[in-house]
Amino acid sequence: MRKDKIAIIGLGYVGLPLARLFATNYSVVGFDINTNRITELMSGVDSTLELDNETLQSVLVNEASDSNGLFCTNQLDKIKDCNYYIITVPTPVDKNNRPILTPLIKASETVGAVLKKGDIVIYESTVYPGATEEDCVPVLEKVSGLKFNIDFYAGYSPERINPGDKEHTVEKILKVTSGSTLEVGEKVNDLYKSVIIAGTHLAPTIKVAEASKVIENSQRDINIAFVNELAKIFNLMEINTHDVLEAAGTKWNFLPFKPGLVGGHCIGVDPYYLAQKAQEHGYHPEIILAGRRLNDGMGDYVASEIVKCMIKKNISVNGSKVLILGITFKENCPDVRNTKAVDLIKTLKDYGANITIYDPWADEDEVMHEYGLESSKTIQNRKFDAIVLTVSHNKFKELDFLSLKNKNAIVYDVKNFLKNDLVDGSL
Ligand SMILES: NC(=O)c1ccc[n+]([C@@H]2O[C@H](COP(=O)([O-])OP(=O)(O)OC[C@H]3O[C@@H](n4cnc5c(N)ncnc54)[C@H](O)[C@@H]3O)[C@@H](O)[C@H]2O)c1
């Protein structure tokens, strides 16, 4: 019997670690439309920093073959003899927060063009329930001319990785799997079980597996919105929110969420996918969208708190020098997509503040390209009227705050990360 051969479509934060893992046991071809990404990966470098060079290089091979290993390409013919196609492309929203399925549809067209009888196409991108069978499978059928569940099959297995987290890596996270028939569900489950140390959970249907992923992130979003609301209330009452959360957290069933800016392309985006589908079914989600509204407004809120803090210390905000520590959407990770630090920066700029951004993780060119903002990976030897920590990168612990502060300057800590005696205000 021929050994399974896997194509991974989309080699980003999700696709690359998955491709590397499968490559330890299978012949894997990684396919991406971004030629720069292919060039960097084939040179043994991962700019997302999810894989260190040594780990990536240990599986790379120079040509697609039937032996174990990973070959990365943007050439369609290199994936044509695979029998599993796993799709890990982005699922963003537009400016009105409506799902953009274009990358999924395009990736389905790509796979449809090489699909053969007996192949299985597994989607990993986060979607609303129904997207695989109602939006993607028809594209596979149309392009390939093959019949679903007769000639080819589908699966859905959501990704649960947490970028920047070196402890919960892909093989150590239990994986939900599903298939378009009972037998295919078992096959998909066996495929993942062969590499995922933490094991798998076979969901009864693709829709169940899709729904399970989108509610994981929606639940986090709503819980964070709740503590963000608490922070707003307790700030008015001059009660320290973190002290309250620490005290409440001593109860066994109190959930340990912290206030903060909710950015990125998962927690801040996925609830909109669920909301859209709910609305299509005639239900207007109240809690899900209220959570989104609250979290989306936090950048503006934090900026107004910083301004209040500065005014109380007689610092003129207009013309002030403000140092922003962190522009990525989360700690110890270079990902700047949908970072909410930019909302805060925009509002501070509206008040006339001069902004300097220091982020040892963020790529300066990407920050300029995405947001038109200058950032630096090195800290400048200057003094500031306000220092605002937006992201808890470990490196910020090493900073000498006193040498960066003008006399009377304030320090605002969005993440409650710094020592209390350094800080003038926090969420
Ligand atoms: N990053 C995370 O933390 C995370 C965690 C769990 C789930 N997810 C979900 O996984 C999916 C992928 O996210 P990501 O963070 O890896 O995205 P990403 O932007 O890091 O990577 C996606 C890759 O797909 C490529 N691509 C886009 N369109 C393509 C196409 N038509 N054909 C081939 N390649 C294409 C891009 O060039 C890019 O390299 C999303 O649905 C996301 O919601 C992400």
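The values are calculated or read from the model by the stated rules, or taken from the named source; none is laboratory data. Computed from a prediction, not measured in an experiment: that's the story for all the values here. Neighbour counts are summed over all protein chains in view; Cβ atoms, including those assigned to glycine, are modelled from backbone coordinates with ideal geometry. Accessible surface is based on the protein model in full, side chains and every heavy atom, while ligands, DNA and RNA are left aside. Shrake-Rupley method; radii C 1.70, N 1.55, O 1.52, S 1.80 Å.
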> Of the residues in region 58-93, how many are under 24 Å from the mean Cα position of the chain (by Cα) and either on the phi > 0 side of the Ramachandran plot or open to solvent by 60 Å² or more (accessible area, probe 1.4 Å) (or both)?
Replying inline: 1
>> If SER65 satisfies all but one of (1) touching a residue at least 60 places away in the same chain (Cβ under 8 Å); (2) away from the ligand (no atom under 15 Å from the Cβ), what's the number of the condition it fails?
In response: (1)
> Within the set of pairs 6 or more residues apart or between chains, which connect a residue that is within 18 Å of SER47 (Cα to Cα) inside region 157-172 to a residue that is open to solvent by less than 80 Å² (accessible area, probe 1.4 Å) and among the polar types (S, T, N, Q) with Cβ atoms less than 7 Å apart?
Replying inline: GLY164/ASN332
>> On the basis of being of a type in the set (A, V, I, L, M, F, W, C), touching a strand residue (DSSP E or B) at 6+ places or on another chain (Cβ under 8 Å), surrounded by fewer than 20 Cβ atoms within 10 Å (Cβ to Cβ) and over 16 Å from GLY10 (Cβ atoms), does PHE148 make the cut?
In response: yes
>> Of the conditions (1) touching a strand residue (DSSP E or B) at 6+ places or on another chain (Cβ under 7 Å); (2) within 23 Å of SER316 (Cα to Cα), LYS407 satisfies every one except a single condition; which number is it?
In response: (1)
> Among the numbered criteria (1) open to solvent by 20 Å² or more (accessible area, probe 1.4 Å); (2) within 9 Å of the ligand (Cβ to nearest atom); (3) in contact with an Asp or Glu (Cβ under 9 Å, 6 or more places away or on another chain); (4) of a type outside the set (D, E, K, R), which single criterion is violated by SER125?
Replying inline: (1)
>> Name the single residue that is farthest from ARG160 (Cα to Cα) among those in region 262-287 being more than 16 Å from the ligand (Cβ to nearest atom) and open to solvent by 30 Å² or more (accessible area, probe 1.4 Å).
In response: GLY282
> How many residues are near the ligand (Cβ under 10 Å from one of its atoms), outside any helix (DSSP H, G or I) and closer than 16 Å to VAL111 by Cβ if we restrict to region 12-35?
Replying inline: 4
>> Can you report the number of residues in region 36-57 which are under 22 Å from the mean Cα position of the chain (by Cα), within 16 Å of the ligand (Cβ to nearest atom) and in contact (Cβ under 8 Å) with a residue 12 or more places away in the chain?
In response: 10
> Only one residue in VAL143, VAL176 is open to solvent by less than 40 Å² (accessible area, probe 1.4 Å) and modelled with pLDDT of 95 or more. Which one?
Replying inline: VAL176
> Residues in region 203-241 that are hydroxyl-bearing (Ser, Thr, Tyr) and surrounded by fewer than 18 Cβ atoms within 10 Å (Cβ to Cβ): how many?
Replying inline: 2
>> Out of LYS207, LYS232, I need the residue that is of a type in the set (D, E, K, R) and more than 24 Å from ILE161 (Cβ to Cβ). Which one?
In response: LYS232
> Only one residue in ASP413, ASP365, ASP343, ASP350 is among the acidic types (Asp, Glu) and either open to solvent by less than 30 Å² (accessible area, probe 1.4 Å) or at pLDDT below 95 (or both), so which one is that?
Replying inline: ASP413
